[in-house]
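S.K.: One structure, pasted below without further comment.
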Amino acid sequence: MRGLYDGPESPRSLPPTLPRIVTMSPPGQNNMIALFNYGGGMRGLIPAHFMARLEDVTGLRMADMVDLFSGPSTGAILNAALNVRHADHPTRPRFRARHMVRFYEREGTRIFPPDRNRELRGLIRDFNNRTLKLSQVNAMLRHGHYDPSHLSRALKAMYGDAPLSETLRSLIVPCYNIDGGQMSDSASRAIFRHGRADPGGHALWLKNIKTGAPDGEEAKVPEVMLYDAVMASCAAPTYFPCHSFNVRWPGDKKPTHVSAIDGNIFDNPCISYLGAIRRHVPADKKLIMIVLGTGHTNRSLKKEEWNSFGALGVVDPVNEMPLINMFFHAPESALMEGFAEEMGENLFIFNKSIIDDPDIDPSTDIDDASPENLARMRNLVEAMLEENRDKFDQICHILVNRRDTMQAEQETVIRRARKYFSFFQGLRVSDRTAVEDHEAHSR
């Protein structure tokens, strides 16, 4: 599988000649960088191209510059891959963003092979399944998923047996457990504490937090394979079956069996910020959030058009499922104003509509892996960069600055550790025992 995307990047030290860029934040401001990658199947190629450009311009890896990675589905694929440790150099990432570009380009048609039944299914739904009642057709509708084994093999080739707890930076992978009867002991205690007797499904934030906030949170990492977390977040309804796996939550005596579907339900930076990111921002740091989109797909409707759809037409794929699209877009539209107001100038969103010009825009279908669509997504990123040149330059400055701060923080920790151990190595055994006793008494 190594040839799929030219294998892992040979690790290199951080470029010593890269100029130190003066921070654009107020003097003494200590930033924390959070990156949110949207979901969207094959359209994950869009943020992959964008991050590849970021890495080319800065000469760094995303894990060198970002503190916390979040996002569902295809965003989780990207985030996890960029945080996998190199086998020979565990402090360095195994993959670069350009490897992920090749991943989508080469694996796309294996994961999403051309669907010969797409038009037939659309025809059936257009008739609301009233005229065709063949058992073969019904079976096709019931079992219309893509074969998940192709996605499974591709993800295992990237992540191997790496657990979530070993990611380079903080990582948040969302999914939705449809089986409310399978709930962890800690989750049950939380529900009882908050007085919510809800036996239904519930959101799962699979997190490895390294920011140290709140106190002790960095140690509360669930025991789960990185592969399982991402596979669950990619189990998009109607595309892939739900993914079942075991996860052991901190404080629980036994693992919990989870049947999870797509984290695209939380494909919303506002929800991720409120539900999983904000509480992990240390009090002494300012959060800067970068949001990389996979193309805007929401379109406006005239009242006459909406009324003409009828009761079933509002969920018909032939009509682009207007009601389903609203379910996905409405929460973000309701929260975005307050979210943007709270974040202020520390929010950087890079996204672009893909419904303006059907002759040049990428397909809105998340399973279109055709060469033509791959080229259109690359062109979309170029247009996005051109339209946001100043903002892109600004974020490059901020990211390189964050790398410099990370290095300074790491060097401080190393100096303190060396000083501590040098002090102890210079003591006689009796003196060392006295110092340890004094420290124990002080605690």
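The values are calculated or read from the model by the stated rules, or taken from the named source; none is laboratory data. Values in this document were obtained by computation on a predicted structure and should not be read as measured data. For neighbour counting, all protein chains shown are included, and Cβ atoms are generated from backbone atoms with ideal geometry for every residue, glycine included. Each accessible area value is taken on the protein alone, full model and side chains, heavy atoms only, with ligands, DNA and RNA left out. Shrake-Rupley method; radii C 1.70, N 1.55, O 1.52, S 1.80 Å.
S.K.: Across the stretch 273-305, what is the total count of residues that are within 30 Å of D357 (Cβ to Cβ) and either of a type in the set (V, I, T) or touching a residue at least 24 places away in the same chain (Cβ under 8 Å) (or both)?
M.R.: Qualifying residue count, the stretch 273-305: 11.
S.K.: Now for a different question. Across the stretch 328-376, what is the number of residues that are touching a residue at least 40 places away in the same chain (Cβ under 8 Å), closer than 20 Å to S272 by Cβ and among the acidic types (D, E)?
M.R.: Result for the stretch 328-376: 1.
S.K.: Exactly one condition in (1) outside any helix (DSSP H, G or I); (2) under 16 Å from G293 (Cα atoms) is false for L380; which is it?
M.R.: Result: L380 fails condition (1) only.
S.K.: Looking at I349, I355, which one is in contact with a His (Cβ under 8 Å, 6 or more places away or on another chain), at pLDDT 90 or above and β-branched (V, I, T)?
M.R.: The unique qualifying residue is I355.
S.K.: Can you name every residue in the stretch 162-182 that is more than 20 Å from S73 (Cβ to Cβ), in a loop (DSSP other than H, G, I, E, B) and in contact with a helix residue (DSSP H, G or I) (Cβ under 8 Å, 6 or more places away or on another chain)?
M.R.: L168
S.K.: For the stretch 394-405, state whether one or more residues are in a helix (DSSP H, G or I), among the charged types (D, E, K, R), out of contact with any strand residue (DSSP E or B) (no Cβ under 9 Å at 6 or more places or on another chain) and modelled with pLDDT under 95.
M.R.: yes
S.K.: So which pairs qualify, if the first residue must be in the stretch 216-239 and on the phi > 0 side of the Ramachandran plot, the second must be at pLDDT below 90, the Cβ gap must be under 8 Å, and the two must be at least 6 apart or on different chains?
M.R.: Here the result reads T238/G144; T238/H145, each pair linking the stretch 216-239 to a residue that is at pLDDT below 90.
S.K.: Mind checking which pairs have a first residue in the stretch 244-257 that is of a type in the set (A, V, I, L, M) and a second that is surrounded by 15 or more Cβ atoms within 10 Å (Cβ to Cβ), Cβ under 6 Å, 6 or more apart or different chains?
M.R.: Between residues of the stretch 244-257 that are of a type in the set (A, V, I, L, M) and residues that are surrounded by 15 or more Cβ atoms within 10 Å (Cβ to Cβ), the close pairs are V247/P222; V247/V224; V247/T256; V247/V258.
S.K.: Another question, if that's okay. Can you find a residue in the stretch 101-113 that is of a type in the set (D, E), closer than 22 Å to S149 by Cβ and either modelled with pLDDT of 90 or more or not in a helix (DSSP H, G or I) (or both)?
M.R.: Yes, some residue in the stretch 101-113 is of a type in the set (D, E), closer than 22 Å to S149 by Cβ and either modelled with pLDDT of 90 or more or not in a helix (DSSP H, G or I) (or both).
S.K.: Tally time: how many residues in the stretch 242-258 are open to solvent by less than 50 Å² (accessible area, probe 1.4 Å), in a loop (DSSP other than H, G, I, E, B) and not charged (D, E, K, R)?
M.R.: Matching residues across the stretch 242-258 total 1.
S.K.: Within the stretch 267-288, is there a residue that is aromatic (F, W, Y), surrounded by 13 or more Cβ atoms within 10 Å (Cβ to Cβ) and more than 16 Å from the chain's Cα centre (by Cα)?
M.R.: no
S.K.: If you check E372 against the conditions, is it at pLDDT 95 or above, assigned to a helix (DSSP H, G or I) and open to solvent by 100 Å² or more (accessible area, probe 1.4 Å)?
M.R.: yes
S.K.: Looking only at the stretch 35-72, count every residue that is open to solvent by less than 10 Å² (accessible area, probe 1.4 Å), closer than 17 Å to S233 by Cα and in a loop (DSSP other than H, G, I, E, B) and tell me the total.
M.R.: 4
S.K.: Looking at N379, N388 in this structure, which one is open to solvent by 40 Å² or more (accessible area, probe 1.4 Å), under 21 Å from E55 (Cα atoms) and at pLDDT 90 or above?
M.R.: N379
S.K.: For I124, all conditions in the list (1) at pLDDT 75 or above; (2) within 30 Å of E320 (Cβ to Cβ); (3) buried (at least 18 other Cβ atoms within 10 Å of the Cβ) hold save one; what is the number of the exception?
M.R.: Going through (1) at pLDDT 75 or above; (2) within 30 Å of E320 (Cβ to Cβ); (3) buried (at least 18 other Cβ atoms within 10 Å of the Cβ) one by one, I124 breaks only (1).
S.K.: List pairs: first in the stretch 380-395 and closer than 15 Å to P362 by Cβ and hydrophobic (A, V, I, L, M, F, W, C), second open to solvent by less than 70 Å² (accessible area, probe 1.4 Å) and in a helix (DSSP H, G or I), Cβ under 7 Å, 6+ apart or cross-chain?
M.R.: From the stretch 380-395, the pairs are L380/I46; V381/I46; V381/H49; V381/F50.
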